[in-house]
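Just so it is clear, none of the values below were taken in a lab; they were calculated from the coordinates. Computed from a predicted structure; not experimentally measured. Using ideal geometry, Cβ is built from the backbone for each residue, glycine included, and neighbour counts are taken over all protein chains shown.
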Amino acid sequence: MIDEIKKENIIQLKLCNGEEILANQIQKDDSCFVINYALTIIPMEGDEYEDYESKTYYLLRPFVSYTDDLEKIVSVNPYSVIAINSPPDNIINHFLKSLQQIQDILKGEDTSESEKKERGKIVLLRPNPSTKETD
């Protein structure tokens, strides 16, 4: 269950192919990372207003396509991982909130039509404005 995930078990993996994953780490040994609730982080560039500079948003989607349950275990080969990070609390909180929304959609429990129209099937993780790069 999502509410049983411990924040200290949430990790961010950067893979050799450039993909980044947020996930709940169940186990790690020399042969594999055992994870579940794995979401791929996809950066999206967009101009909200023409007068402002371009902003980067992050789309979260299931790491394994066509899954019907994010709780299912996924094994990741450690040789495909180039970096491991413990994400900050604000990212963890967005991750947990997004997990619940995505899990509801996958299980068909997202019943509110107005809620679907409001957020669609995309959950955006906005960057922290305090980490904005300056020239």
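In table form, for the structure just shown:
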item	result
Surrounding net charge for Ile42, when Lys and Arg each add one and Asp and Glu each subtract one, Cβ distance under 12 Å	-2
Links that overshoot a 24 Å alpha carbon limit, given the list Lys28/Lys55; Lys7/Lys97; Lys7/Lys28	Lys28/Lys55
Dipole magnitude (debye, nearest 20) for the stretch 1-96, charges at Cβ of Lys, Arg, Asp, Glu	460
